[in-house]
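Reading through the structure tokens given below for one structure.
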Amino acid sequence: MQALEGLTVLDCATFVAAPFSCTLLGEFGATVIKIEQPGAGDDLRRLGRRAASGQPDWWLVESRNKKSITCNLRTPDGQALLKRLAASADVLAENFRPGTMERWGLGWDDLRAVNRGLVMVRISAFGQALAASRPP
């Protein structure tokens, strides 16, 4: 038995920081479900040198211990699917620009309404504050 066995994590992030945190949770036994954009998948599927398997090295490192599904979070059907998944998940990680999940009806208040015990991890490259306009 592993330390995080029985924990379910939804990985809605791309590139490095947030997805890698989910990879580490998977290393300790959590079930990690990677949410990918239909038709394109995660950007790391296309970046970097390819291993002997034909997959990019970055993808192989970051996607280990994960199950992948496609879900278009920009559509009502995709948003409803993520809410259904979040209802029984323990953790959801995302790294969209601040305000994106809220615009999609998938912000903290929306997800907490379907699962009061959900932990939401938000890791963005520039913090969580919405960018204020700067004088020229």
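Numbers below:
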{"quantity": "12 Å beta-carbon shell around R45, net charge (K/R +1, D/E -1)", "calculated": "-2"}
{"quantity": "Cα-centre dipole for the stretch 1-113 with unit charges at Cβ (Lys and Arg positive, Asp and Glu negative), debye to 20", "calculated": "320"}
{"quantity": "Reach of K83 by Cα under 16 Å, taken over lysines that are not fewer than 8 positions away in the same chain", "calculated": "K34"}
{"quantity": "Packing-based exposure ordering (other Cβ within 10 Å, fewest first) of M1, M101, M120", "calculated": "M1, M120, M101"}
{"quantity": "Considering only the stretch 8-122, percent of DSSP beta bridges that pair antiparallel, nearest 5", "calculated": "5"}
{"quantity": "Compactness of the stretch 8-122 - radius of gyration and Dmax, Cα, Å", "calculated": "13.9, 45"}
{"quantity": "Residue with peak Gaussian network fluctuation, the chain [Cα springs, cutoff 10 Å], from R49, R122, R112", "calculated": "R49"}
{"quantity": "Distance (nanometres) between label positions extended 7 Å along Cα→Cβ at R46 and A87", "calculated": "3.4"}
{"quantity": "Within the chain, longest stretch clear of exposed chymotrypsin sites (Phe, Trp or Tyr not before Pro) (DSSP loop, no more than 13 other Cβ within 10 Å)", "calculated": "29-125"}
{"quantity": "Ranking of I69, I123 by count of other Cβ atoms within 10 Å, fewest first", "calculated": "I69, I123"}
{"quantity": "The chain - mean residue ellipticity at 222 nm from DSSP helices (-39,500 (n - 2.57) per run, n ≥ 4, rounded to 500)", "calculated": "-8000 deg cm²/dmol"}
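The numbers here are math on the coordinates, done by the rules we state, and not lab data. Since we're looking at a predicted model, the values are computed, not measured. Neighbour counts are summed over all protein chains in view; Cβ atoms, including those assigned to glycine, are modelled from backbone coordinates with ideal geometry.
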